[in-house]
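Asks: Have a look at the structure that comes next, please.
Values in this text are rule-based calculations from the coordinates and carry no lab data. Here the structure is a predicted model, which is why all the values come from computation and not from measurement. Counting neighbours? That spans all protein chains shown, and the Cβs are built from the backbone with ideal geometry, glycine included.
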Amino acid sequence: SMQRRIRKAIFPVAGLGTRFLPATKAIPKEMLTIVDRPVIQMAVDEAREAGIEHFVFVTGRNKNAIEDHFDKQTELESVLRKRGKSDELELLESDLPSAGQTSFTRQQEPLGLGHAVWCARNMIGDEPFALLLPDMVMQSEPGCLKQMMDVYAETGGGNVIAVETVPWAEVSRYGVVEFSKTDGLALAINGMIEKPVRDKAPSNHIISGRYILQPEIFAKIESAKPGAGGEIQLTDAMIALMEEQPFWGCKFEGVTFDCGDKLGFLMANVAHGLLRDDIGPAFRLGLEKLLQRSLTVDPLPVGNVNERAGLPVTRKQPAAA
Ligand code: UTP
């Protein structure tokens, strides 16, 4: 198939974030930070690195903070200028897409990821696009979408999905792909199944939250029946499109954190905090002290936390000489 350049990306951010209440009562979960960068900013950074020029956000009620985040804050900027805070000014400047590079539309009801993507159809038009689930924070060099762009170029087009492996015991929590061959980093995908029971899973390669899709997906979403959970599933539409177009899997080289989940979010903060030039070394020391303390100090206050995490409940140890 003729290969067309990917210029636009969709960021579905209309989910309710119920797993993060009460934090997400008044602010969207995409504004929660990894150290000091909002999760949504990290997804936009990844898309920019991959050459994306237009950023389409599918939002919902209570998501105004996202739109404000991708706007100039002139009052703040003038205060920073007055105070000579040029580093901070430069940071705000470089994080911001140019005027006209962002679009916002609303998913009026949270009817599922497939429906959220479909809400962006008029902003995408008749061209292939990228889709990034901002909850999934992917740590790698180069970024995940850039890795996928390379597969897209190599395979000559079609649809590309980032995949990664998980332990077999966890496959039933994800969308799982079936593939016929491996050619370097590209898998030829010939099947997909959403949240299979372990025995029905065709592989332990899961769909990890980044996609390059052809515009014909919109018609497939439109004709998809509500699937699991009464939601319009993107996976069902992709399965229908697979009858007509190739789907490639890009084996993601890096680490993924599901930041819609409390544990994933905390791990992402630790992983990114440790790599930071400014706070990394001090953070490491602080963490080591905390871990040390939980092993040696009276464990009563942390005892049931450990128990819940399935960790050994520590008893008071004799202090080391
Ligand atoms: P999640 O499965 O994480 O759902 O959505 P959620 O509602 O955001 O969070 P919880 O489970 O209540 O805590 C995955 C992605 O799809 C988007 C979400 O914003 C997130 O990026 N989404 C999901 C929508 O945009 N619309 C929907 O109807 C559903």
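Asks: At q = 0.10, 0.22 Å⁻¹, what is the base-10 log of I(q)/I(0) for the stretch 41-152 according to the Debye formula with one equal point scatterer per Cα and no solvent? Please give it to two decimals.
Replies: Listed by q, the Debye log ratios stand at -0.36, -1.34.
Asks: Starting from the Cα-Cα distance between L263 and Q101, subtract it from 0.36 nm times their residue separation and give me the gain in nm to one decimal.
Replies: Extending this stretch completely gives an extra 55.0 nm.
Asks: Which order, highest average first, do 194-202, 215-223, 143-151 follow once you tally other Cβ atoms within 10 Å for each residue and take the mean per peptide?
Replies: With the highest mean Cβ count within 10 Å placed first, the list reads 143-151, 215-223, 194-202.
Asks: Apply the Karplus curve 6.51 cos²θ - 1.76 cosθ + 1.60, θ = phi - 60°, to the phi angles in the stretch 97-103 and return the couplings in whole Hz, x for Gly and Pro.
Replies: Running phi through 6.51 cos²θ - 1.76 cosθ + 1.60 with θ = phi - 60° gives x, 5, 4, x, 8, 10, 9 Hz.
Asks: Take every Cα pair under 8 Å in the stretch 111-193 that's 6+ residues apart, average their separations, divide by the length, and report that relative contact order as a whole percent.
Replies: That works out to 15 percent.
Asks: Kindly list the residues of the stretch 14-33 that lie in the label zone of R173, defined by a backbone N under 15 Å from the point 7 Å along the Cα-to-C-beta vector.
Replies: So the set is 19-20.
Asks: Between E93 and V166, take the C-beta separation as r, use R0 = 41 Å, and let me know the FRET efficiency to the nearest 0.05.
Replies: 0.60
Asks: Next question. Would you mind telling me which residue in L187, L266, L131 has the biggest mean-square fluctuation in a Gaussian network model of the chain, where springs connect alpha carbons within a distance under 10 angstrom?
Replies: Maximum fluctuation in the GNM of the chain, among the listed residues, is at L266.
Asks: Of the beta bridges DSSP finds with both residues in the chain, what % are antiparallel, to the nearest 5?
Replies: Around 60 percent of the beta bridges assigned by DSSP in the chain are antiparallel ones.
Asks: Additional query: Before anything else, pin down the relative contact order of the chain: Cα pairs under 8 Å, at least 6 apart, normalised by residue count, whole percent.
Replies: 20
Asks: So how do 19-30, 35-46 stack up, highest first, on mean other-Cβ count within 10 Å?
Replies: 35-46, 19-30
Asks: Shifting gears a bit: Enumerate the calculated ³J(HN,Hα) couplings along the stretch 287-296 in order (Karplus 6.51 cos²θ - 1.76 cosθ + 1.60, θ = phi - 60°), each rounded to whole Hz, writing x wherever the residue is Gly or Pro.
Replies: 5, 4, 4, 4, 5, 4, 4, 5, 8, 10
Asks: In the stretch 63-209, how many lysine pairs have Cα atoms under 20 Å apart, counting only pairs 8 or more places apart or on different chains?
Replies: 4
Asks: Need the full-extension length gain, K85 to D199, defined as separation in residues times 0.36 nm minus the C-alpha distance. One decimal, nm.
Replies: This chain segment gains 35.2 nm when fully extended.
Asks: A follow-up question, please. Convex hull volume of the Cα atoms in the chain, per residue, in Å³?
Replies: Convex hull volume per residue, Cα atoms: 179 Å³.
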